[in-house]
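Accompanying notes for the structure given below.
Every read-out reported here was derived from the displayed coordinates using simple, explicitly stated rules and does not represent laboratory data. From a predicted model like this one, the values you see are computed outputs, not experimental measurements. Cβ placement follows ideal geometry from the backbone for every residue including glycine, while neighbour counts extend to all protein chains displayed.
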Amino acid sequence: MDAGLKRELEAKVTAGERLSREDGVALYECDDLVWLGGLAHQVRTERNGDRVMFNVNRHLNLTNVCSASCAYCSFQRKPGEKDAYTMRIHEAVAKAKEMEGEQLTELHIVNGLHPTLPWKYYPKVLRELKGALPGVNLKAFTATEIQWFEKISGLPADEILDELIDAGLESLTGGGAEIFDWEVRQHIVDHATHWEDWSRIHRLAHGKGLKTPSTMLYGHIEEPRHRVDHVLRLRELQDETGGFQVFIPLRYQHDFVDSADGKIRNRLQARTKMASPAESLKVFAVSRLLFDNVPHVKCFWVMHGLSVAQLSLNFGADDLDGSVVEYKITHDADSYGTPNTMHREDLLNLIWDAGFQPVERNTKYEIVREYDKATPLAQRRSEPQQVWA
Ligand code: SF4
């Protein structure tokens, strides 16, 4: 990128002027990572200071049986497959309660599109979970699942959301977004929920007072222009509803041979590479700069590794998810050394080591607790420094 265009974009960002589609594509073409990070960090700091939010949550996948076969998905199993499972309601409650001692504040629940489970199972699970853990927020179901519930129940999403909210639902999850542009989407997504329905369902949820997250799966067969288009669609919807709390770039991951059956489920694997750490940091920075009306940008550390998660805090991200037990959707057999679980203490140290102030939040981004600011590295040099995977 030439110096003139850099100055022009800096001026726009500093004046709080909205960046265009062309600006977004130009930012992706720029390989000056330090400059990109600096610009995104300026925006992130204006919005969120040196605070990094995190939550203590547990991921819960009620079933891995799915009627769809998305090309990138290593989670789904077909009925009868050896390690296909579906939890009974009491099993789901028992799993959730395993983490009670960690004072978790959120259950994050996403599932396969089970072909025969009745619709009533889902509000019933929420009701039982809420009864067992009344202080825990329930963030559950992707827009794809809500549309699936429409299909299996014959009810409109409006009524489905009302019933789920009555049972304890406090937020949808952001999944099912992947990349909205059909040019890419037709090759990676096998379920029926595309932009029109994904946005319809989040709009409906926002209209009912729910705040929801938004996501983007990047680093597979998409080009930078598809990422820009994806964010601009979300930005426009956010102008309309104001219901997105956070944007979460999710790094597409390769699968590994499943030890249970010797299979690799990711059908994109042979023709894709995963995004490098530098590319991931660029995605965080450009997303923060383009998505000017979303309060937070989150790094889901499970899909990026802990080192990139720390660095992302200087590239526009101000939020880390979470404790995460058993994340499986794109991470079913991880061999990168990234753990499945981070406890509260681990997250605090990760954030302090990166030089930021940790702030624990709940699903609604209400503050649970503010922690001390980071001790400057110069004062900590004599201590052994942790190396994060
Ligand atoms: S991504 Fe979701 S809908 Fe697609 S195959 Fe996997 S579990 Fe099913």
- Task: Of the DSSP beta bridges with both residues in the chain, give the percent that are antiparallel, rounding to the nearest 5.
- Result: 10 percent
- Can you list the lysines whose alpha carbon sits under 17 Å from that of Lys95, skipping same-chain ones fewer than 8 residues off? Lys124, Lys130, Lys139, Lys328
- With label points built 7 Å along Cα→Cβ from the Cα atoms of Ala11 and Asp83, find their separation and express it in nm. 5.6 nm
- Please work out the FRET efficiency for the pair Glu46 and Gln379, using the Cβ-Cβ distance as r and a Förster radius of 30 Å; give the result to the nearest 0.05. 0.65
- Message: Sort 106-113, 218-225, 79-86 by the packing proxy (mean of other Cβ within 10 Å over each peptide's residues), most packed first.
- Response: 106-113, 218-225, 79-86
- Everything considered on the Cα gyration tensor (a ≥ b ≥ c; rounded for a/c under 1.5, else prolate if a/b is larger than b/c, else oblate), the range 125-186 must be described as oblate
- Message: What's the ranking of 145-152, 279-286, 339-346 by average number of surrounding C-beta atoms within 10 Å, highest first?
- Response: 279-286, 145-152, 339-346
- Quickly work out the Ile221-to-Gln103 label distance, labels modelled 7 Å from Cα along the C-beta direction, and quote it in nm with one decimal. 4.8 nm
- Note on the structure: Packing-ranked peptide list from 54-65, 197-208, highest mean Cβ count within 10 angstrom first, is 54-65, 197-208
- Item | For the range 156-220: rounded, prolate or oblate by the Cα gyration tensor [a/c cutoff 1.5] | prolate
- Note on the structure: Treating only Lys and Arg (+1) and Asp and Glu (-1) as charged, each at its beta carbon, one finds that the range 183-253 has a dipole about its Cα centre, in Debye to the nearest 20, of 280 debye
- Message: Given the DSSP H assignment, sum -39500 (n - 2.57) over each helix run of at least 4 residues in the chain and divide by its residue total; what's the result at 222 nm in deg cm²/dmol, nearest 500?
- Response: -12000 deg cm²/dmol
- Note on the structure: In the chain, taking the dipole from +1 charges on Lys and Arg beta carbons and -1 charges on Asp and Glu beta carbons about the Cα centre, the listed residue (Leu62, Asn293, Ile351) farthest towards the positive end is Leu62
- Item | Set Lys208/Lys298; Lys263/Lys364; Lys82/Lys282; Lys273/Lys373 screened for pairs whose C-alpha atoms are more than 30 Å apart | Lys263/Lys364; Lys82/Lys282; Lys273/Lys373
